[in-house]
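Report on one structure; see the data block that follows.
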Amino acid sequence: MIENNDKGVNKSVINWFPGHMAKAIREIKEKINLVDFIIEVCDARAPISSSNPIIQELSKNKFYLKILSKVDLSDEMANIQYQKKFKDEKIPYLYLDLNNKNSDKPIIDKIKEISKPLKEKDLKKGLKPRNVRVMIVGIPNVGKSTLINLLAKRKSAAVGNIPGFTKSLKLVRCNGFDLLDTPGILWPDLSQNNIGLKLALIGAIKTEILPNAELVKIALEFLNKNYPNCLYSKYQIKYNNIEEYLESFAKKMGHLLKNNEVDLQRSILTILNDFKNGRICQLTIENLEV
Ligand SMILES: Nc1nc2c(ncn2[C@@H]2O[C@H](COP(=O)(O)OP(=O)(O)OP(=O)(O)O)[C@@H](O)[C@H]2O)c(=O)[nH]1
Ligand SMILES: [Mg+2]
């Protein structure tokens with residue numbers, strides 16, 4: 001039996017929106033008038049669902065760049081489709097692996113290109129162009145702090161593979177830019193288009209509050225439908241149904257309890273971790289249907 005923590009996939013029951021996020025949004029709103037430029041970091045595996053409508057609203061009247069992080073974990077064919085969409089919609093974007101130290105140059109070039117009018121305005125007034133003030137925003141765990149460190153070329157911001165790692169706003173100065181790191185923020189209603197589930201599967205929501213038994217079923221069915229060869233080559237178990245799969249998985253991995261019964265909770269967490277850390281295959285989950 002899969003133990004269900006009785007949260008099911010009834011998304012309204014899950015508290016996606018902990019108190020510290022409301023506080024973070026307040027702080028971001030307070031500081032937004034001080035910045036010229038918003039970089040929204042989204043996850044390339046969910047390029048639409050990982051974009052926060054609150055940020056879209058706040059970015060109006062600011063220079064804006066969308067960075068799709070974790071390109072190394074995403075489906076290359078899907079990336080091409082979404083790049084076309086962003087291009088058609090005239091949304092400035094970059095697809096990047098933020099852990100690659102060479103990713104800094106395209107970002108710096110793009111910020112300079114987009115914020116050129118600001119520099120020209122200063123020069124016209126006979127002033128020395130001031131630092132471009134950039135606020136880095138996005139949902140939790142997408143790589144905002146990683147991006148700051150990449151641009152600053154030092155560990156200025158704390159990075160961790162746990163959503164909600166950054167707790168408060170932090171200013172980092174680096175050549176020509178003032179960068180403001182912010183805590184990851186979600187929005188209160190994630191129920192539409194399975195957004196909450198997608199964000200949970202890519203690691204933007206704390207595992208502890210999730211209905212993991214339901215999520216693993218959704219993850220395996222999604223993989224079996226969209227990336228069946230990857231799923232099979234990763235674990236070499238044929239997918240028929242969730243109960244059988246988890247049972248075989250636990251036995252194969254030696255996930256056993258003291259009484260030799262299978263430890264399904266351990267198997268569930270292993271699969272969900274492999275999924276979110278890109279260890280099963282490069283994938284894009286925007287078209288998730290449940
Ligand atoms: N594979 C891969 N991992 C990345 C990339 N960018 C960030 N990460 C990893 O994602 C995890 C989260 O990175 P952070 O920079 O702490 O994310 P954040 O957006 O600041 O997260 P919060 O502060 O919780 O909102 C870390 O383990 C990073 O190494 C990327 O482009 N590719
Ligand atoms: Mg952070």
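The values are calculated or read from the model by the stated rules, or taken from the named source; none is laboratory data. What you see is a predicted model; the values in this text were computed from it and never measured. Cβ sites come from the backbone with ideal geometry, for glycine too, and all protein chains shown count toward neighbours. Side chains included, ligands, DNA and RNA excluded: accessible areas come from the protein's heavy atoms. Shrake-Rupley method; radii C 1.70, N 1.55, O 1.52, S 1.80 Å.
The figures follow:
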quantity	calculated
So ALA157, is it over 30 Å from GLU247 (Cα atoms) and not charged (D, E, K, R)	yes
Only listed residue being open to solvent by 40 Å² or more (accessible area, probe 1.4 Å) and touching a strand residue (DSSP E or B) at 6+ places or on another chain (Cβ under 8 Å), chosen from LYS90, LYS70	LYS70
Residue satisfying condition, being at pLDDT 95 or above, charged (D, E, K, R) and open to solvent by less than 30 Å² (accessible area, probe 1.4 Å), within set GLU286, GLU244, GLU221	GLU286
From the options GLU27, GLU57, residue that is within 16 Å of ligand 2 (Cβ to nearest atom) and either within 30 Å of LYS121 (Cα to Cα) or part of a helix (DSSP H, G or I) (or both)	GLU27
Subset tally (residues that are closer than 21 Å to GLN83 by Cβ and touching a residue at least 40 places away in the same chain (Cβ under 8 Å)) for region 95-111	9
Cβ-Cβ under 7 Å pairs, at least 6 apart or on other chains, region 236-255 side in contact (Cβ under 8 Å) with a residue 24 or more places away in the chain, far side of a type in the set (Phe, Trp, Tyr)	TYR245/TYR239
Filter pass, VAL172 being touching a Cys at 6+ places or on another chain (Cβ under 7 Å) and either open to solvent by less than 10 Å² (accessible area, probe 1.4 Å) or more than 15 Å from ligand 2 (Cβ to nearest atom) (or both)	no
Looking only at region 175-204, and only at residues there that are in contact with a strand residue (DSSP E or B) (Cβ under 8 Å, 6 or more places away or on another chain) and more than 16 Å from ligand 1 (Cβ to nearest atom), the one that is most open to solvent (accessible area, probe 1.4 Å)	GLY176
Unmet requirement for LEU151, which otherwise passes all of (1) within 16 Å of ligand 2 (Cβ to nearest atom); (2) surrounded by fewer than 21 Cβ atoms within 10 Å (Cβ to Cβ); (3) over 20 Å from ASN277 (Cα atoms)	(2)
Answer residue from region 112-131, given it is within 22 Å of SER51 (Cβ to Cβ) and touching a residue at least 12 places away in the same chain (Cβ under 8 Å) and is surrounded by the most Cβ atoms within 10 Å (Cβ to Cβ) among those	SER115
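Conditions tested, residue by residue: (1) at pLDDT 95 or above; (2) among the aromatic types (Phe, Trp, Tyr); (3) within 16 Å of ligand 2 (Cβ to nearest atom).
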position	(1), (2), (3)
VAL71	yes, no, no
PHE86	yes, yes, no
GLY126	yes, no, no
GLY164	no, no, yes
